[in-house]
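Contents: one structure, followed by commentary.
The values are calculated or read from the model by the stated rules, or taken from the named source; none is laboratory data. Remember, predicted model here, so these are calculated numbers, not experimental data. Glycine gets a Cβ as well: all are built from the backbone with ideal geometry, and neighbour counts include every protein chain shown. Quick note on the areas: whole protein, heavy atoms, side chains included, nothing else; ligands and nucleic acids left out. Shrake-Rupley method; radii C 1.70, N 1.55, O 1.52, S 1.80 Å.
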There are 2 protein chains.
Amino acid sequence: MLSNSRVAYREHNHLRCQNAAMQRARSLCEQHKVRLTPIRENVLRLLWQSHRPLGAYEIIEQLSDAGEKSVKPPTVYRAIDFLLEQGLAHRLATLNAYIGCPFPGNPHRFAVFVCQACGSAAESSFEAIDNAIGAAAARADFEVHGQAVEVTGLCPQCRGKADD
Amino acid sequence: MLSNSRVAYREHNHLRCQNAAMQRARSLCEQHKVRLTPIRENVLRLLWQSHRPLGAYEIIEQLSDAGEKSVKPPTVYRAIDFLLEQGLAHRLATLNAYIGCPFPGNPHRFAVFVCQACGSAAESSFEAIDNAIGAAAARADFEVHGQAVEVTGLCPQCRGKADD
DNA sequence: CGCATAACGTTATAACATTACATAAATATG
DNA sequence: CATATTTATGTAATGTTATAACGTTATGCG
(Lines give C-alpha, C1' and ligand atoms only; values in the text may rest on other atoms or scores of the structure.)
Protein backbone atom coordinates (compact mmCIF):
# COMPACT_ATOMS: atom_id res chain seq x y z
CA MET A 1 0.00 0.00 0.00
CA LEU A 2 1.28 3.37 -1.09
CA SER A 3 -0.22 6.44 0.49
CA ASN A 4 0.67 10.03 1.20
CA SER A 5 -2.08 10.44 3.78
CA ARG A 6 0.37 10.72 6.66
CA VAL A 7 1.80 13.85 5.19
CA ALA A 8 -0.93 15.43 3.09
CA TYR A 9 -3.18 16.54 5.92
CA ARG A 10 -0.52 17.62 8.37
CA GLU A 11 1.82 20.52 8.70
CA HIS A 12 4.96 19.52 6.91
CA ASN A 13 7.83 20.91 4.96
CA HIS A 14 5.88 21.19 1.80
CA LEU A 15 8.67 22.72 -0.17
CA ARG A 16 10.39 19.39 0.06
CA CYS A 17 7.23 17.66 -1.22
CA GLN A 18 7.12 20.03 -4.10
CA ASN A 19 10.79 19.87 -4.97
CA ALA A 20 10.84 16.12 -4.74
CA ALA A 21 7.82 15.90 -7.02
CA MET A 22 9.43 18.19 -9.56
CA GLN A 23 12.61 16.17 -9.44
CA ARG A 24 10.72 12.92 -9.98
CA ALA A 25 8.89 14.50 -12.88
CA ARG A 26 12.07 15.69 -14.56
CA SER A 27 13.68 12.34 -14.17
CA LEU A 28 10.67 10.40 -15.45
CA CYS A 29 10.29 12.64 -18.46
CA GLU A 30 13.92 12.20 -19.33
CA GLN A 31 13.56 8.48 -18.91
CA HIS A 32 10.48 8.37 -21.17
CA LYS A 33 12.02 10.76 -23.68
CA VAL A 34 9.24 13.30 -23.43
CA ARG A 35 9.66 16.99 -22.86
CA LEU A 36 8.79 18.67 -19.60
CA THR A 37 8.55 22.10 -21.19
CA PRO A 38 8.38 25.28 -19.10
CA ILE A 39 4.60 25.46 -19.35
CA ARG A 40 4.18 21.86 -18.31
CA GLU A 41 6.65 22.29 -15.50
CA ASN A 42 4.90 25.42 -14.25
CA VAL A 43 1.52 23.74 -14.25
CA LEU A 44 2.89 20.78 -12.36
CA ARG A 45 4.56 23.06 -9.84
CA LEU A 46 1.26 24.83 -9.27
CA LEU A 47 -0.45 21.50 -8.69
CA TRP A 48 2.21 20.81 -6.10
CA GLN A 49 1.94 24.15 -4.34
CA SER A 50 -0.28 22.38 -1.82
CA HIS A 51 -2.25 19.18 -1.42
CA ARG A 52 -5.44 20.92 -2.49
CA PRO A 53 -6.74 19.93 -5.91
CA LEU A 54 -6.69 22.83 -8.34
CA GLY A 55 -9.23 23.64 -11.04
CA ALA A 56 -8.00 24.35 -14.55
CA TYR A 57 -9.17 27.95 -14.35
CA GLU A 58 -7.35 28.50 -11.08
CA ILE A 59 -4.21 27.40 -12.85
CA ILE A 60 -4.99 29.72 -15.75
CA GLU A 61 -5.48 32.61 -13.37
CA GLN A 62 -2.32 31.95 -11.41
CA LEU A 63 -0.22 31.59 -14.52
CA SER A 64 -1.72 34.77 -15.95
CA ASP A 65 -1.01 36.65 -12.74
CA ALA A 66 2.57 35.39 -12.66
CA GLY A 67 3.48 36.31 -16.22
CA GLU A 68 2.87 39.33 -18.41
CA LYS A 69 0.38 37.85 -20.80
CA SER A 70 -2.88 36.16 -20.06
CA VAL A 71 -2.71 32.41 -20.46
CA LYS A 72 -5.54 30.84 -22.47
CA PRO A 73 -7.45 27.69 -21.56
CA PRO A 74 -6.03 25.43 -24.29
CA THR A 75 -2.50 26.16 -23.11
CA VAL A 76 -3.28 24.88 -19.65
CA TYR A 77 -5.50 22.02 -20.75
CA ARG A 78 -2.76 20.81 -23.06
CA ALA A 79 -0.27 20.84 -20.23
CA ILE A 80 -2.74 19.03 -18.00
CA ASP A 81 -3.35 16.42 -20.69
CA PHE A 82 0.36 15.84 -20.94
CA LEU A 83 0.69 15.43 -17.18
CA LEU A 84 -2.26 13.03 -17.08
CA GLU A 85 -0.82 10.96 -19.92
CA GLN A 86 2.53 10.73 -18.19
CA GLY A 87 0.89 9.78 -14.91
CA LEU A 88 2.28 12.88 -13.24
CA ALA A 89 -1.15 14.20 -12.32
CA HIS A 90 -4.66 12.91 -11.81
CA ARG A 91 -8.06 14.36 -12.52
CA LEU A 92 -10.69 14.33 -9.80
CA ALA A 93 -13.99 14.00 -11.62
CA THR A 94 -16.11 14.86 -8.60
CA LEU A 95 -14.32 18.19 -8.21
CA ASN A 96 -13.36 19.02 -11.79
CA ALA A 97 -9.91 19.51 -10.39
CA TYR A 98 -6.41 18.14 -10.64
CA ILE A 99 -3.69 16.96 -8.27
CA GLY A 100 -0.07 16.04 -8.69
CA CYS A 101 0.48 12.31 -8.38
CA PRO A 102 2.75 11.40 -5.46
CA PHE A 103 3.75 8.07 -6.98
CA PRO A 104 4.41 8.62 -10.64
CA GLY A 105 6.27 5.88 -12.39
CA ASN A 106 4.47 3.24 -10.37
CA PRO A 107 1.61 2.40 -12.68
CA HIS A 108 -1.19 2.05 -10.18
CA ARG A 109 -4.88 2.21 -9.60
CA PHE A 110 -5.68 4.52 -6.77
CA ALA A 111 -8.25 6.11 -4.51
CA VAL A 112 -8.33 9.73 -3.44
CA PHE A 113 -9.48 10.94 -0.05
CA VAL A 114 -10.59 14.54 -0.10
CA CYS A 115 -11.26 16.44 3.11
CA GLN A 116 -14.46 18.45 2.88
CA ALA A 117 -13.24 20.89 5.50
CA CYS A 118 -9.71 21.83 4.46
CA GLY A 119 -9.84 20.63 0.86
CA SER A 120 -6.66 18.61 1.08
CA ALA A 121 -6.48 15.37 -0.83
CA ALA A 122 -4.42 12.28 -0.19
CA GLU A 123 -3.90 9.49 -2.62
CA SER A 124 -3.78 5.90 -1.61
CA SER A 125 -2.97 2.89 -3.65
CA PHE A 126 -4.49 0.15 -1.57
CA GLU A 127 -4.76 -3.24 -3.22
CA ALA A 128 -7.76 -4.31 -1.18
CA ILE A 129 -9.86 -1.65 -2.91
CA ASP A 130 -8.74 -2.70 -6.35
CA ASN A 131 -9.24 -6.35 -5.47
CA ALA A 132 -12.74 -5.73 -4.20
CA ILE A 133 -13.59 -3.83 -7.37
CA GLY A 134 -12.07 -6.66 -9.36
CA ALA A 135 -14.17 -9.20 -7.47
CA ALA A 136 -17.38 -7.26 -8.01
CA ALA A 137 -16.49 -6.95 -11.68
CA ALA A 138 -15.71 -10.65 -11.95
CA ARG A 139 -19.14 -11.54 -10.65
CA ALA A 140 -20.63 -9.49 -13.43
CA ASP A 141 -18.17 -10.77 -16.06
CA PHE A 142 -17.09 -7.18 -16.44
CA GLU A 143 -13.60 -6.44 -17.74
CA VAL A 144 -12.11 -3.53 -15.83
CA HIS A 145 -10.15 -0.97 -17.80
CA GLY A 146 -10.13 1.95 -15.42
CA GLN A 147 -11.50 3.12 -12.14
CA ALA A 148 -12.20 6.36 -10.34
CA VAL A 149 -12.44 6.09 -6.57
CA GLU A 150 -13.04 9.40 -4.86
CA VAL A 151 -13.85 9.49 -1.19
CA THR A 152 -15.03 12.57 0.67
CA GLY A 153 -15.04 13.13 4.40
CA LEU A 154 -12.91 14.59 7.13
CA CYS A 155 -9.17 14.31 7.47
CA PRO A 156 -7.65 13.60 10.90
CA GLN A 157 -6.87 17.27 11.52
CA CYS A 158 -10.30 18.62 10.64
CA ARG A 159 -11.98 15.73 12.34
CA GLY A 160 -10.30 16.75 15.57
CA LYS A 161 -11.51 20.31 15.21
CA ALA A 162 -15.06 19.24 14.36
CA ASP A 163 -15.27 17.07 17.48
CA ASP A 164 -15.49 20.17 19.68
CA MET B 1 -24.50 -7.73 -2.46
CA LEU B 2 -27.08 -5.94 -4.53
CA SER B 3 -26.44 -5.62 -8.24
CA ASN B 4 -28.34 -5.20 -11.45
CA SER B 5 -25.43 -6.29 -13.60
CA ARG B 6 -27.14 -9.50 -14.66
CA VAL B 7 -29.88 -7.57 -16.33
CA ALA B 8 -28.39 -4.21 -17.30
CA TYR B 9 -26.11 -5.43 -20.07
CA ARG B 10 -28.39 -8.07 -21.58
CA GLU B 11 -31.48 -8.06 -23.69
CA HIS B 12 -34.36 -7.99 -21.29
CA ASN B 13 -37.89 -6.78 -20.94
CA HIS B 14 -36.87 -3.30 -20.13
CA LEU B 15 -40.40 -1.99 -19.94
CA ARG B 16 -40.73 -4.04 -16.78
CA CYS B 17 -37.53 -2.52 -15.41
CA GLN B 18 -38.86 0.90 -16.13
CA ASN B 19 -42.33 0.33 -14.79
CA ALA B 20 -41.03 -1.31 -11.66
CA ALA B 21 -38.68 1.61 -11.08
CA MET B 22 -41.48 4.11 -11.50
CA GLN B 23 -43.66 2.15 -9.14
CA ARG B 24 -40.94 2.03 -6.49
CA ALA B 25 -40.42 5.76 -6.91
CA ARG B 26 -44.09 6.56 -6.46
CA SER B 27 -44.31 4.39 -3.41
CA LEU B 28 -41.17 5.79 -1.81
CA CYS B 29 -42.23 9.37 -2.42
CA GLU B 30 -45.58 8.69 -0.85
CA GLN B 31 -43.86 7.06 2.08
CA HIS B 32 -41.52 10.01 2.55
CA LYS B 33 -44.27 12.55 1.98
CA VAL B 34 -42.56 14.25 -0.92
CA ARG B 35 -44.12 14.98 -4.27
CA LEU B 36 -43.22 13.12 -7.42
CA THR B 37 -44.53 15.85 -9.68
CA PRO B 38 -45.04 15.32 -13.42
CA ILE B 39 -41.71 16.92 -14.28
CA ARG B 40 -39.86 14.81 -11.77
CA GLU B 41 -41.65 11.70 -12.89
CA ASN B 42 -40.89 12.42 -16.54
CA VAL B 43 -37.23 12.96 -15.82
CA LEU B 44 -37.02 9.74 -13.86
CA ARG B 45 -38.80 7.86 -16.63
CA LEU B 46 -36.30 9.18 -19.13
CA LEU B 47 -33.45 8.03 -16.91
CA TRP B 48 -35.08 4.63 -16.96
CA GLN B 49 -35.61 4.46 -20.70
CA SER B 50 -32.46 2.40 -20.84
CA HIS B 51 -29.44 1.54 -18.71
CA ARG B 52 -27.39 4.20 -20.40
CA PRO B 53 -26.58 7.22 -18.23
CA LEU B 54 -28.16 10.39 -19.58
CA GLY B 55 -26.70 13.89 -19.57
CA ALA B 56 -28.82 16.74 -18.26
CA TYR B 57 -28.95 18.36 -21.67
CA GLU B 58 -30.09 15.14 -23.30
CA ILE B 59 -32.97 15.13 -20.86
CA ILE B 60 -33.70 18.77 -21.66
CA GLU B 61 -33.74 17.98 -25.35
CA GLN B 62 -35.97 14.96 -25.02
CA LEU B 63 -38.43 16.76 -22.81
CA SER B 64 -38.48 19.71 -25.17
CA ASP B 65 -39.10 17.43 -28.15
CA ALA B 66 -41.90 15.66 -26.33
CA GLY B 67 -43.81 18.75 -25.25
CA GLU B 68 -44.78 21.97 -26.96
CA LYS B 69 -42.52 24.31 -25.10
CA SER B 70 -38.79 24.18 -24.70
CA VAL B 71 -37.71 23.04 -21.29
CA LYS B 72 -35.00 25.13 -19.61
CA PRO B 73 -31.96 23.84 -17.74
CA PRO B 74 -33.07 24.85 -14.22
CA THR B 75 -36.28 22.89 -14.64
CA VAL B 76 -34.40 19.69 -15.33
CA TYR B 77 -31.62 20.33 -12.84
CA ARG B 78 -34.19 20.90 -10.12
CA ALA B 79 -35.86 17.62 -10.94
CA ILE B 80 -32.50 15.87 -10.96
CA ASP B 81 -31.58 17.40 -7.61
CA PHE B 82 -34.83 16.12 -6.17
CA LEU B 83 -34.19 12.61 -7.50
CA LEU B 84 -30.65 12.64 -6.14
CA GLU B 85 -31.83 13.79 -2.72
CA GLN B 86 -34.44 11.09 -2.61
CA GLY B 87 -31.91 8.48 -3.67
CA LEU B 88 -33.90 7.73 -6.81
CA ALA B 89 -31.03 8.63 -9.10
CA HIS B 90 -27.27 8.92 -9.03
CA ARG B 91 -24.83 11.23 -10.66
CA LEU B 92 -21.84 9.79 -12.50
CA ALA B 93 -19.11 12.36 -12.09
CA THR B 94 -16.82 10.84 -14.70
CA LEU B 95 -19.54 11.15 -17.35
CA ASN B 96 -21.45 14.20 -16.17
CA ALA B 97 -24.50 12.00 -16.49
CA TYR B 98 -27.25 10.49 -14.42
CA ILE B 99 -28.83 7.07 -13.93
CA GLY B 100 -31.89 5.82 -12.16
CA CYS B 101 -31.03 3.96 -8.96
CA PRO B 102 -32.15 0.33 -9.07
CA PHE B 103 -32.24 0.03 -5.27
CA PRO B 104 -33.81 3.16 -3.90
CA GLY B 105 -34.92 2.99 -0.33
CA ASN B 106 -31.91 0.86 0.61
CA PRO B 107 -29.51 3.50 1.76
CA HIS B 108 -26.30 2.21 0.29
CA ARG B 109 -22.89 3.05 -0.92
CA PHE B 110 -22.36 1.77 -4.41
CA ALA B 111 -20.08 1.32 -7.38
CA VAL B 112 -21.04 1.79 -10.99
CA PHE B 113 -19.67 -0.25 -13.86
CA VAL B 114 -19.94 1.54 -17.17
CA CYS B 115 -19.31 -0.27 -20.45
CA GLN B 116 -17.15 1.80 -22.77
CA ALA B 117 -18.56 0.05 -25.82
CA CYS B 118 -22.33 0.08 -25.36
CA GLY B 119 -22.56 2.74 -22.70
CA SER B 120 -24.70 0.70 -20.35
CA ALA B 121 -24.14 1.06 -16.64
CA ALA B 122 -24.80 -1.38 -13.84
CA GLU B 123 -24.81 -0.52 -10.20
CA SER B 124 -23.46 -2.80 -7.57
CA SER B 125 -23.57 -2.45 -3.86
CA PHE B 126 -20.78 -4.74 -2.81
CA GLU B 127 -19.71 -4.54 0.77
CA ALA B 128 -16.16 -5.64 0.11
CA ILE B 129 -15.55 -2.43 -1.83
CA ASP B 130 -16.95 -0.26 0.93
CA ASN B 131 -15.03 -2.22 3.53
CA ALA B 132 -11.78 -1.83 1.64
CA ILE B 133 -12.36 1.89 1.31
CA GLY B 134 -13.19 1.99 5.00
CA ALA B 135 -9.98 0.14 5.84
CA ALA B 136 -7.86 2.47 3.75
CA ALA B 137 -9.59 5.43 5.37
CA ALA B 138 -9.06 3.99 8.84
CA ARG B 139 -5.34 3.72 8.25
CA ALA B 140 -5.31 7.41 7.47
CA ASP B 141 -7.68 8.31 10.32
CA PHE B 142 -9.99 9.63 7.66
CA GLU B 143 -13.72 9.79 8.38
CA VAL B 144 -15.67 8.74 5.30
CA HIS B 145 -18.79 10.71 4.44
CA GLY B 146 -19.30 9.74 0.84
CA GLN B 147 -17.73 7.87 -2.00
CA ALA B 148 -17.83 7.79 -5.76
CA VAL B 149 -16.67 4.55 -7.32
CA GLU B 150 -16.93 4.52 -11.09
CA VAL B 151 -15.42 1.69 -13.05
CA THR B 152 -15.05 1.67 -16.83
CA GLY B 153 -14.42 -1.31 -19.05
CA LEU B 154 -16.30 -3.86 -21.10
CA CYS B 155 -19.54 -5.54 -20.19
CA PRO B 156 -19.93 -9.28 -20.85
CA GLN B 157 -21.81 -8.70 -24.12
CA CYS B 158 -19.34 -6.26 -25.61
CA ARG B 159 -16.43 -8.23 -24.30
CA GLY B 160 -17.64 -11.20 -26.33
CA LYS B 161 -17.84 -9.12 -29.49
CA ALA B 162 -14.42 -7.55 -28.91
CA ASP B 163 -12.76 -10.95 -28.59
CA ASP B 164 -13.13 -11.61 -32.33
C1' DC C 1 -60.50 31.87 2.34
C1' DG C 2 -55.93 33.63 3.18
C1' DC C 3 -51.39 32.56 4.20
C1' DA C 4 -47.05 30.01 3.90
C1' DT C 5 -44.34 27.00 1.46
C1' DA C 6 -42.98 24.35 -2.36
C1' DA C 7 -42.60 23.96 -7.23
C1' DC C 8 -41.96 25.95 -11.62
C1' DG C 9 -40.86 29.57 -15.52
C1' DT C 10 -37.49 32.57 -17.49
C1' DT C 11 -33.35 35.13 -18.35
C1' DA C 12 -28.90 35.50 -17.80
C1' DT C 13 -24.46 33.95 -16.66
C1' DA C 14 -20.88 31.08 -14.43
C1' DA C 15 -17.68 27.26 -14.70
C1' DC C 16 -15.38 23.81 -17.22
C1' DA C 17 -13.58 22.14 -21.62
C1' DT C 18 -12.65 21.69 -26.69
C1' DT C 19 -12.24 22.81 -31.82
C1' DA C 20 -9.89 24.83 -35.38
C1' DC C 21 -6.37 27.01 -37.33
C1' DA C 22 -2.09 29.84 -37.31
C1' DT C 23 2.75 30.18 -35.64
C1' DA C 24 7.00 28.82 -33.58
C1' DA C 25 10.30 25.74 -31.65
C1' DA C 26 12.67 21.34 -31.53
C1' DT C 27 14.27 17.37 -33.74
C1' DA C 28 15.35 14.36 -37.53
C1' DT C 29 17.23 13.61 -42.12
C1' DG C 30 19.77 14.07 -46.35
C1' DC D 1 23.99 22.88 -42.11
C1' DA D 2 19.73 23.39 -44.67
C1' DT D 3 15.34 21.95 -44.74
C1' DA D 4 11.58 18.81 -43.83
C1' DT D 5 8.91 16.91 -40.21
C1' DT D 6 7.08 16.70 -35.93
C1' DT D 7 5.92 18.63 -31.63
C1' DA D 8 4.51 22.41 -28.93
C1' DT D 9 2.33 26.82 -28.34
C1' DG D 10 -0.72 31.11 -29.39
C1' DT D 11 -5.30 32.73 -30.19
C1' DA D 12 -10.22 33.23 -31.16
C1' DA D 13 -14.26 31.21 -31.01
C1' DT D 14 -17.44 28.01 -29.32
C1' DG D 15 -19.31 23.93 -26.97
C1' DT D 16 -20.96 21.71 -22.73
C1' DT D 17 -22.46 21.47 -18.06
C1' DA D 18 -24.46 23.83 -14.17
C1' DT D 19 -26.23 27.68 -11.27
C1' DA D 20 -27.95 32.39 -9.70
C1' DA D 21 -31.53 35.46 -9.29
C1' DC D 22 -36.03 36.72 -9.41
C1' DG D 23 -40.85 36.46 -10.59
C1' DT D 24 -45.09 33.47 -10.90
C1' DT D 25 -48.06 29.56 -10.05
C1' DA D 26 -49.64 25.65 -7.52
C1' DT D 27 -50.36 23.12 -3.21
C1' DG D 28 -51.41 22.32 1.45
C1' DC D 29 -52.85 24.01 5.91
C1' DG D 30 -54.92 26.75 9.83
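Only one entry in B:Ser64, B:Ser27 is within 13 Å of DNA strand C (Cβ to nearest atom), modelled with pLDDT of 95 or more and either closer than 18 Å to B:Gln86 by Cβ or surrounded by fewer than 17 Cβ atoms within 10 Å (Cβ to Cβ) (or both), namely B:Ser64. The residue list B:Tyr77, B:Tyr9 contains one member that is in contact with a Cys (Cβ under 6 Å, 6 or more places away or on another chain) and either crowded, with 20+ Cβ neighbours inside 10 Å or closer than 22 Å to A:Glu150 by Cβ (or both), which is B:Tyr9. Of the residues making up the stretch A:34-41, one or more are in a loop (DSSP other than H, G, I, E, B), within 13 Å of DNA strand D (Cβ to nearest atom) and crowded, with 19+ Cβ neighbours inside 10 Å.
Of everything in the stretch B:128-164 that is modelled with pLDDT of 95 or more and acidic (Asp, Glu), the residue that is farthest from the chain's Cα centre (by Cα) is B:Asp141. Total residues in the stretch A:111-134 satisfying the condition of being buried (at least 17 other Cβ atoms within 10 Å of the Cβ), in a helix (DSSP H, G or I) and either among the hydroxyl-bearing types (Ser, Thr, Tyr) or in contact (Cβ under 8 Å) with a residue 12 or more places away in the chain (or both): the figure is 3. For A:Pro102, the requirement of being open to solvent by 30 Å² or more (accessible area, probe 1.4 Å) and part of a loop (DSSP other than H, G, I, E, B) is not met. With respect to (1) within 14 Å of another protein chain (Cβ to nearest Cβ); (2) touching a Phe, Trp or Tyr at 6+ places or on another chain (Cβ under 7 Å), the lone exception for B:Ala56 is condition (1).
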